[in-house]
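J.: Please read through the structure below; I'll follow up with questions.
The values are calculated or read from the model by the stated rules, or taken from the named source; none is laboratory data. For clarity, every value in this text was computed on a predicted model and none was experimentally measured. Positions of Cβ are backbone-derived with ideal geometry, glycine not excepted, and every protein chain shown enters the neighbour counts.
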Amino acid sequence: PKPTYRHDYRPPAYRVAHVDLTFELDPAATRVKASLQMERHPECKEGEPLRLDGEQLILKHIAIDGQALESDEYTLDDDGLSVRQPPARFRLDTEVEIAPCDNTALEGLYLSSGMYCTQCEAEGFRRITYYPDRPDVMATYSTTVIGDKAGQPVLLSNGNPVKRGELPDGRHFVTWNDPFPKPSYLFALVAGDLKKVEDRFTTMSGREVTLQIWVEEENLGKTDHAMASLKRAMKWDEETYGREYDLDLFMIVAVNDFNMGAMENKGLNLFNSAAVLTHPDTATDAAFQRVEGIVAHEYFHNWSGNRVTCRDWFQLSLKEGFTVFRDQCFSADVNSAAVKRIEDVAFFRTAQFAEDAGPTAHPVRPDHYIEITNFYTLTIYEKGAEVVRMLYNLMGEEAFRRGSDRYFERFDGQAVTIEDFVDCMAEASGQDLTQFMRWYSQAGTPEIDAYGEYDYANAEYHLTLRQRTPATPDQPEKAPQHIPVRMGLVGTKSGRDLGLSLEGESLGSDGVIHLREAEQTFVFTDVPEAPVPSLLRGFSAPVQLRFPYSREDLAFLLANDSDGFNRWDAGQRLAMLALDDLIAAHRNGVEKVMDPRVVDAFRSLLERGGDDKAVLAEMLTLPSEAYIAEQQPLVDVEAIHAARTFVKQSLAATLRDDFLRLYQENESDEPYAPQPEQIARRSLKNVALGYLMAVEDEEGVELARRQFEADHNMTDVRQALTLLTHSSRDDLAAPALRSFGEKWAHDSLVMDQWFAIQVTRPQTDALDRVRHLMAHPAFSLKNPNKVRALVGTFVNQNRINFHRADGEGYRLLADVVIELNRLNPEIASRLVTPLTRWQRFDEPRQELMRAELERIRAEKLSPNVYEVIEKALA
Ligand code: HT7
Ligand code: ZN
């Protein structure tokens, strides 16, 4: 497979003004007729051939302006079709046959639980019909879907239904019109036996919009939260961005087999059922919040992505980074903002930093790709969102809003670039963003080494920041970035933020300094007492910042920092220092001793009260094994697991009574609601239970057992079942797992949780359980949710067992990747990620991991898996 390069971009030679599609649905032989109104670009020369993309299509007919083409007037190949000398304006008619029932890749038109559905982003439309399948070709669509009345009573597509009727042989049809020009990746079709829940929304200009959520009949009771989230998101986008919905109908459909979370097709969003269905009995608080975030994300795409779209796929972060930023702000506004930021950053620093440090590192705007679906990454989405967040913070709320208004107005109905977006922001703010653009072009996480000194005599604080970005594949040299560092100086006597006065300019007590050079010293004057600096508040830039904090400094910040995020971060840093010592002790075979300063810090957290419960729950949560690993030069899986377990058990043993009290204080039997205050209480209670169970405290075990049996809501049940399953008490684990499995055998999404709970067991039988559960009737390699729940969870969240010294974990993953490479390449290339990080481990593990990568490489590979494996072995 050959790479595509960003610099090779050329505008399309032919544009499509309008598309007429007719689908005659059949599992093995669906007929697709396409009629394209086309015209040559004025700047294009006469005689320029017309290139259409097409894959896995059987061409039945092709004609221009009603005249069938002779075989020498066009050529067919594996990726498409070229028409030799089309006229300047013409109508192209094609008819193809496709087989949805054989489509296990879930791109294009496929069958999911007997329902027809489509996934066209990024390049799936070419598996439906011959078309210039690129985002800068925008057309209006009219789509007629013909199906069997009994099998597919519901026939949906983009836009508004304009005609419906009966046909012979028990068939019927519906014609849909989408008046907004769109790229082919936003096309959607759904046909099946679905039921709907309906609601209404009145837009800010007083238009009535019908909202529909389509699901299988048994899921009708699981749509309330998604509907409420949708209405909240619609209102928020009007209030925050001035963006109003444009069609009269907005539909969401739940699909069981889906490669990602959801898809923002115009007027017809398709959702992985796991990302839309909720019920207190079946979904956890985290799932409720995830649904809210994804519903909002897809809805927000209607402007940031659909009305204004990407010129080419290199600009993917233009829509994804901006939309993630929008959904993060929405979730922060409607829930606990501090917790949202902590959760997002904890995830980002673990997973995106790892991506940036690995063989598949790439810039927010990549320069080349082999398979674009490999680039739906944390860098494009999450780092892209951090970059937009930096812009927002640099400009301030009002200027950012002016910039976004300008962007949406200037480019409505167009396919544009990241420069177009940043230009609008520069114009609206009057700022020079030239250096800032490096955030889009340079891969890798900038590292900042910071040093501070207090000059008593002159009452000055000197802060030196040095930045460096490590080399990444294709980019050995890096230039300095523009890094906004939000900070405060916390007085060690007063425990308060001191005013920041930088070279005579007052920045208030919480200000931003701008690091632009490789090294800069900032001199703060009028600093009346020795401070501890609180740096990178709110994670003001996606960088790794090191500062030689003592443990006393960190305990001080944990107690006194006015910035909630940095208080949490100080706790994480303090725990990390203790963990580093314990990792070294484990490696050297020395007895492990718990740092009393960590215990004291946790004790004060538990005793001081007054903290937001949700934030307190985060503060009491130790860094994950994955995050700890990310901070080590070489990952020692066993030492990390042993050190973290030791810290958790030491805290649990010493602070047992405090955790018990915390549990009891936060117990409640009020009816479940996914409200921030209740969620906070549940998470605090469940964190406390986690500590009690870490030492298998008798009372703790009893509480876990009772919580499981009380069966009050899935958040509590899942935590209790997890703790019982992960304990050494098989007498409790086995019956609980059995009763849960029997009770929920009919509910596929709950069974996914049942799989995940078992395969995260730290006990040595976890890997055997994975193999065993792969034969369970509820498991299928063809269903991405099952693969993620069972195999994905094991390889990503059970590090001690996946990285077994005998290499069995690696072998298991390679076996699955080889199978999936054939069935679903998009899922296969994502799943293989942990093996690609082989350089981070010890020599014997490196060899074992490389051997499995080589075994995969020896197969006939899809472009998706090929690209990742080649990078990993380069
Ligand atoms: N824009 C979508 C990205 C996407 C996708 C979704 C479902 C299945 C396959 C997919 N490939 C790409 C989802 C989003 O970011 O909103
Ligand atoms: Zn998106």
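J.: Looking only at the stretch 456-515, count every residue that is in a strand (DSSP E or B) and hydroxyl-bearing (Ser, Thr, Tyr) and tell me the total. Steps first, please.
T.: Just the residues of the stretch 456-515 that are in a strand (DSSP E or B), to begin with: 460-468, 472, 475, 483-491, 497-498, 500-502, 505-508, 511-515.
Now narrow it down to the ones that are hydroxyl-bearing (Ser, Thr, Tyr): 461, 464, 472, 501, 506.
Adding up the residues that qualify gives 5.
J.: Restricted to the stretch 443-470, and to residues that are within 25 Å of the chain's Cα centre (by Cα) and more than 19 Å from PRO548 (Cβ to Cβ), which residue is surrounded by the most Cβ atoms within 10 Å (Cβ to Cβ)? Reasoning before the result, please.
T.: Looking only at the stretch 443-470, we keep the residues that are within 25 Å of the chain's Cα centre (by Cα), and these are 443-447, 469-470.
The next check asks that each one be more than 19 Å from PRO548 (Cβ to Cβ); those that pass are 443-445, 469-470.
Numbers: ALA443: 23, GLY444: 21, THR445: 19, THR469: 21, PRO470: 16.
Selected residue: ALA443.
J.: Exactly one condition in (1) crowded, with 24+ Cβ neighbours inside 10 Å; (2) closer than 25 Å to PRO181 by Cα; (3) of a type in the set (A, V, I, L, M, F, W, C) is false for ALA283; which is it?
T.: (2)
J.: Looking at the stretch 667-701, which of its residues are within 16 Å of LEU732 (Cα to Cα), modelled with pLDDT of 95 or more and in a loop (DSSP other than H, G, I, E, B)?
T.: Those that are within 16 Å of LEU732 (Cα to Cα), modelled with pLDDT of 95 or more and in a loop (DSSP other than H, G, I, E, B): VAL695, GLU696.
J.: Quick one: in the stretch 304-342, which of the residues that are touching a Gly at 6+ places or on another chain (Cβ under 6 Å) and either among the aliphatic types (A, V, I, L, M) or free of Cβ contacts under 8 Å to residues at least 24 places away in the same chain (or both) is farthest from ligand 1 (Cβ to nearest atom)?
T.: Selected residue: ALA338.
J.: Take the stretch 354-409 and flag every residue that is aromatic (Phe, Trp, Tyr) and more than 22 Å from the chain's Cα centre (by Cα).
T.: Within the stretch 354-409, the subset aromatic (Phe, Trp, Tyr) is 369, 375-376, 381, 392, 400, 407-408.
Passing the criteria: PHE400, TYR407, PHE408.
J.: If you don't mind, another one. For the stretch 118-126, check the following and say yes or no: at least one residue is in contact with an Asp or Glu (Cβ under 6 Å, 6 or more places away or on another chain), more than 16 Å from ligand 2 (Cβ to nearest atom) and more than 30 Å from SER317 (Cα to Cα).
T.: No; the residues of the stretch 118-126 include none that is in contact with an Asp or Glu (Cβ under 6 Å, 6 or more places away or on another chain), more than 16 Å from ligand 2 (Cβ to nearest atom) and more than 30 Å from SER317 (Cα to Cα).
J.: Any residue in the stretch 290-313 that is in contact with a His (Cβ under 7 Å, 6 or more places away or on another chain), within 28 Å of ARG410 (Cβ to Cβ), in a helix (DSSP H, G or I) and at pLDDT 95 or above?
T.: No, the conditions are met nowhere in the stretch 290-313.
J.: Would you say PRO100 is in contact with a Pro (Cβ under 9 Å, 6 or more places away or on another chain), more than 26 Å from THR309 (Cα to Cα) and surrounded by 18 or more Cβ atoms within 10 Å (Cβ to Cβ)?
T.: Numbers: in contact with a Pro (Cβ under 9 Å, 6 or more places away or on another chain): yes; more than 26 Å from THR309 (Cα to Cα): yes; surrounded by 18 or more Cβ atoms within 10 Å (Cβ to Cβ): yes.
Against the criterion (in contact with a Pro (Cβ under 9 Å, 6 or more places away or on another chain), more than 26 Å from THR309 (Cα to Cα) and surrounded by 18 or more Cβ atoms within 10 Å (Cβ to Cβ)), PRO100 qualifies.
J.: Additional query: Evaluate the stretch 833-848: report whether one residue or more is in contact with a strand residue (DSSP E or B) (Cβ under 7 Å, 6 or more places away or on another chain) and assigned to a helix (DSSP H, G or I). Spell out how you get there, then give the answer.
T.: Taking the stretch 833-848 and keeping what is in contact with a strand residue (DSSP E or B) (Cβ under 7 Å, 6 or more places away or on another chain), we get 840-841.
Those still in the list that are assigned to a helix (DSSP H, G or I) too: 840.
Checked the stretch 833-848: at least one residue is in contact with a strand residue (DSSP E or B) (Cβ under 7 Å, 6 or more places away or on another chain) and assigned to a helix (DSSP H, G or I).
J.: May I pose another question? So ASP246 ticks every box in (1) in contact (Cβ under 8 Å) with a residue 40 or more places away in the chain; (2) among the acidic types (Asp, Glu); (3) away from ligand 2 (no atom under 16 Å from the Cβ); (4) over 25 Å from LEU155 (Cβ atoms) but one. Which box is left unticked?
T.: Of everything listed in (1) in contact (Cβ under 8 Å) with a residue 40 or more places away in the chain; (2) among the acidic types (Asp, Glu); (3) away from ligand 2 (no atom under 16 Å from the Cβ); (4) over 25 Å from LEU155 (Cβ atoms), ASP246 misses just condition (4).
J.: Identify all residues within the stretch 114-146 that are within 16 Å of ligand 1 (Cβ to nearest atom) and either small (Gly, Ala, Ser) or outside the structural domain of HIS18 (by TED's automatic domain parsing) (or both); write none if there are none.
T.: ALA122, GLY124
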